[in-house]
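What follows is a single structure, written as structure tokens, with notes after it.
The values are calculated or read from the model by the stated rules, or taken from the named source; none is laboratory data. Computed from a predicted model, the values in this text were never measured in an experiment. Using ideal geometry, Cβ is built from the backbone for each residue, glycine included, and neighbour counts are taken over all protein chains shown.
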Amino acid sequence: MASDLFKPIVNERTRAPNFFNGRLLTGEAMTDEQRAQRTARELLGQAIGDGVVYGLEVSIATASNTLTRPVVTIESGLAIDRRGELLLLANDVDVQLVRPDDPVPDVAKIFRTCTPISSGTYIANAGVYLLTISPIRTGNGLAQVSGLGDTPRGCNVKDVIDAVEFRLLELPVPAATLGDVNHLRNIVAYQCFGAAHLLDVTKDPFAADAEPRTLLDDVTALTECDVPLALLYWTATGGIRWLDLWSVRRRVTHMRAASQSVLDGVLDDVRVAVAEAMIQQFQEHIAAQLAVSGNPASLTATDIFMYLPPAGILPANITGHAGFEPSQFFGGLTTLGPRFTEGARVEQLFAEAVRYPPIRLADKELIRLYNIRENRQAIDGSFPVAPAVVFTNGHVPTRAGAHFDLAHWGYASYA
């Protein structure tokens, strides 16, 4: 039956009691009021989007981490889950990833929004694991029940406190992928980005989903209350081999478009957030590789990567600085440059690049390379700066052209 104009359509989710003088105040009415307020906050959170607001950086706790009992440090911060719930970690905390022999007893009462399929609190086998944060509410203290009417006197939970918990979930990574140790981190990261979907979205745009399908969609124990924080690769003989944040970490991203258009997968915020995460993940990965490599100048991109982000900055070994040799790193690939670009153009270069797909190295499509004029001038002037070479997907328009009264002689590329 059709509804009439000006007829109220009731929203039961935020139904709240009407308090007035003379009304009997009951615990049930107060609970209904709290539920309505919580629902309103969750709807506001859904409107904002889900992801990490700030903080919640994960690192290996070097002082307490051991081979058999891995421990990570998680910095204080704030996140929003897909239900719109706020997840606040007020202080830094060390989290042991293996369940202790004598676990701490549970608090008196726990309130969960999502019931996890598995506990996700221990490492069973060597593999790639997902660390998440999720909301939980705990009971604290006891308050006496008044015993009005026929209700017997007794006690109940005094306070309900918002809290968070961390879970560790194993990713369904095939044995063949786990066996390719050199490329494992890159392969898993781009499976979490949904790279195959991003590269193929234009093949059949009318059938493409707005949100790319990723490896996390295959983790059955992952709930809409979980906010991913990091991936870690753990082996029985080596402990935590690497920790990767940006393969799964995302800034707050609005996942629900106001329209249902075939262009949602191209125009929505998800695409940009994933590309930004690709760039961050590469910078994190390449910095870790530089730290452990005895001879980074001899490495090529294909030694450790199967994908590159649409743009990135490579630490170079120019003038003896520790870094990667650009001609060696991009060896065997199709490149143009390095050509000079002005520092004023670098921000625009990256802002444009996030609208382009990642670089699949097997395709051997053009990769543009740039030297940043200010960076090279500082190096030539013997300033203690780290050399850098910018690269972008070849489809990103060039920013190497010299402009009159802007370019610098000897530090510009002329057509």
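Here are the numbers for this structure:
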{"read-out": "Conditions (1) modelled with pLDDT of 90 or more; (2) aliphatic (A, V, I, L, M); (3) surrounded by 11 or more Cβ atoms within 10 Å (Cβ to Cβ); number of the one not met by residue 90", "value": "(3)"}
{"read-out": "Residue count for region 334-359, restricted to those that are buried (at least 19 other Cβ atoms within 10 Å of the Cβ) and either without any contact (Cβ under 8 Å) to a residue 40 or more places away in the chain or among the polar types (S, T, N, Q) (or both)", "value": "1"}
{"read-out": "Matching residues in region 376-406 - criterion: being under 26 Å from residue 186 (Cβ atoms) and either in a helix (DSSP H, G or I) or of a type outside the set (Phe, Trp, Tyr) (or both)", "value": "386, 387, 388, 389, 390, 392, 393, 394, 395, 396"}
{"read-out": "Residues (assigned to a helix (DSSP H, G or I) and exposed (fewer than 15 other Cβ atoms within 10 Å of the Cβ)) located in region 360-373", "value": "362, 363"}
{"read-out": "Helices (runs of 4 or more DSSP H) (entirely within region 159-234) containing at least 1 residues that are of a type in the set (Lys, Arg) and crowded, with 20+ Cβ neighbours inside 10 Å", "value": "181-193"}
{"read-out": "Pick from region 235-254, criterion in a loop (DSSP other than H, G, I, E, B) and modelled with pLDDT under 90, ranking: farthest from residue 184 (Cα to Cα)", "value": "254"}
{"read-out": "Test: residue in region 40-50 that is more than 25 Å from the chain's Cα centre (by Cα), at pLDDT below 90, among the small types (Gly, Ala, Ser) and over 30 Å from residue 247 (Cβ atoms)", "value": "no"}
{"read-out": "Residue list for region 255-267, restricted to those being closer than 17 Å to residue 80 by Cβ and either modelled with pLDDT of 90 or more or not aliphatic (A, V, I, L, M) (or both)", "value": "256"}
{"read-out": "Residue within region 308-321 that is within 27 Å of residue 198 (Cα to Cα) and in a helix (DSSP H, G or I) present", "value": "no"}
{"read-out": "Considering residues of region 378-413 that are in contact with a Phe, Trp or Tyr (Cβ under 6 Å, 6 or more places away or on another chain) and not hydroxyl-bearing (Ser, Thr, Tyr) only, the residue surrounded by the fewest Cβ atoms within 10 Å (Cβ to Cβ)", "value": "395"}
{"read-out": "Enumeration of residues in region 302-316 that are farther than 16 Å from residue 338 by Cα, touching a strand residue (DSSP E or B) at 6+ places or on another chain (Cβ under 8 Å) and either among the acidic types (Asp, Glu) or surrounded by fewer than 20 Cβ atoms within 10 Å (Cβ to Cβ) (or both)", "value": "306"}
{"read-out": "Unique residue being modelled with pLDDT under 75, in contact with a strand residue (DSSP E or B) (Cβ under 9 Å, 6 or more places away or on another chain) and either under 18 Å from residue 236 (Cα atoms) or among the acidic types (Asp, Glu) (or both) when the list is 129, 122", "value": "122"}
{"read-out": "Flag for residue 329 being without any contact (Cβ under 8 Å) to a residue 40 or more places away in the chain and within 30 Å of the chain's Cα centre (by Cα)", "value": "yes"}
